[in-house]
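The block underneath contains the structure these notes are about, expressed in structure tokens.
The values are calculated or read from the model by the stated rules, or taken from the named source; none is laboratory data. Here the structure is a predicted model, which is why all the values come from computation and not from measurement. With ideal geometry, Cβ positions are generated from the backbone for all residues, glycine too; neighbour counts draw on all protein chains shown.
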Amino acid sequence: MHHTLYYTPGSGNSAKPALVAHHQGLPLLRRRIDVLGGESRQPAFLAINPRGQLPFLVTADGQGLGESNAIAWFLAEGSPLLPDAPIERAQVVQWMIFEQTALEPFISPARFFTHILPGEREARAAQIAGWQAGAVPGLQRLDAHLAGSPFVVGQRCTVADSAVLGYTHLAPEGGIALDPYPAVLAWIARVQSALAMPPLAELLPA
């Protein structure tokens, strides 16, 4: 029996646990859910996850787990992606929370209405501009941090890097240029190499 990951193609959140599993060579059954087509609100999926959110993991023993960073943490347990030192584990949690509060809430919707649903771009221009501006403080903080550290926590790649990478590397698809953040750009390349990250379309097949 293997864990089963229910995911959305192209999703930065779905990419986080999928990337952790890929890096470790962890067997993972992947089940595509068509969110745009309403599949996540259908009874079949709601019976699996009543909240209807993705990604969602059903463990090999049948337990359900939501929230992208929680799933990534679970899949990273027992691997070098989770540090042993208590302070470093706490720092991993710190940066995973940072990702969900300072980056994802801005990059994700800007990208969604710019890249995933471009037909909505004009009608939501003001909102998109607000999201793009909202991402700047988080990217500035991340860039300043990475200017003095090769990875988000410590000297090696951790699950925090997978989490922060999720939407950060997709920011240009939301009209958020990363050129002003050279440390972030260098870190993206470093993490993608360290985790042997395949193209998103391969990680999360449509």
*Within the range 108-155, track down each residue that is modelled with pLDDT under 95 and charged (D, E, K, R).*
120, 121, 122
*Find all pairs meeting these conditions: Cβ atoms under 9 angstrom apart; at least six residues apart or on different chains; first residue within the range 181-205 and under 16 Å from residue 163 (Cα atoms); second residue hydroxyl-bearing (Ser, Thr, Tyr) and surrounded by fewer than 18 Cβ atoms within 10 Å (Cβ to Cβ).*
187/149
*Could you run through the range 172-192 and say how many residues are surrounded by fewer than 22 Cβ atoms within 10 Å (Cβ to Cβ) and not in a helix (DSSP H, G or I)?*
5
*Mind checking which residues of the range 193-206 are over 25 Å from residue 116 (Cα atoms) and in a helix (DSSP H, G or I)?*
193, 194
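Looking only at helices (runs of 4 or more DSSP H) that lie completely in the range 69-171, which have at least 2 residues being under 20 Å from residue 12 (Cα atoms) and β-branched (Val, Ile, Thr)?
Of the helices (runs of 4 or more DSSP H) lying wholly inside the range 69-171, those with at least 2 residues that are under 20 Å from residue 12 (Cα atoms) and β-branched (Val, Ile, Thr) span 86-98, 125-146, 159-168.
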*Looking at (1) hydrophobic (A, V, I, L, M, F, W, C); (2) crowded, with 17+ Cβ neighbours inside 10 Å; (3) under 26 Å from residue 55 (Cα atoms), find the lone condition where residue 201 falls short.*
(2)
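Could you please let me know if residue 84 is of a type in the set (D, E, K, R) and within 23 Å of residue 158 (Cα to Cα)?
yes
One line per residue, one yes/no per condition, for (1) under 16 Å from the mean Cα position of the chain (by Cα); (2) in the same structural domain as residue 112 (by TED's automatic domain parsing); (3) surrounded by 19 or more Cβ atoms within 10 Å (Cβ to Cβ); (4) over 21 Å from residue 173 (Cβ atoms):
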{"residue": "7", "(1), (2), (3), (4)": "yes, no, yes, no"}
{"residue": "12", "(1), (2), (3), (4)": "yes, no, yes, no"}
{"residue": "27", "(1), (2), (3), (4)": "no, no, no, yes"}
{"residue": "36", "(1), (2), (3), (4)": "no, no, no, no"}
{"residue": "39", "(1), (2), (3), (4)": "no, no, no, yes"}
{"residue": "46", "(1), (2), (3), (4)": "no, no, no, yes"}
{"residue": "52", "(1), (2), (3), (4)": "no, no, no, yes"}
{"residue": "58", "(1), (2), (3), (4)": "no, no, no, yes"}
{"residue": "65", "(1), (2), (3), (4)": "yes, no, no, yes"}
*Determine which member of the set 188, 128, 176 is within 30 Å of residue 36 (Cα to Cα) and over 17 Å from the mean Cα position of the chain (by Cα).*
128
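Conditions (1) in contact with a Lys or Arg (Cβ under 9 Å, 6 or more places away or on another chain); (2) within 23 Å of residue 197 (Cβ to Cβ); (3) at pLDDT below 95; (4) of a type in the set (Ser, Thr, Tyr), marked per residue:
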{"position": "18", "(1), (2), (3), (4)": "yes, yes, no, no"}
{"position": "26", "(1), (2), (3), (4)": "no, yes, yes, no"}
{"position": "31", "(1), (2), (3), (4)": "no, yes, no, no"}
{"position": "54", "(1), (2), (3), (4)": "no, yes, no, no"}
{"position": "70", "(1), (2), (3), (4)": "no, yes, no, no"}
{"position": "92", "(1), (2), (3), (4)": "no, yes, no, no"}
{"position": "102", "(1), (2), (3), (4)": "yes, yes, no, no"}
*What do you reckon, is residue 175 touching a Ser or Thr at 6+ places or on another chain (Cβ under 7 Å) and in contact (Cβ under 8 Å) with a residue 24 or more places away in the chain?*
yes
*Spot the failing condition for residue 71; the list is (1) free of Cβ contacts under 8 Å to residues at least 24 places away in the same chain; (2) closer than 27 Å to residue 49 by Cβ, and only one is missed.*
(1)
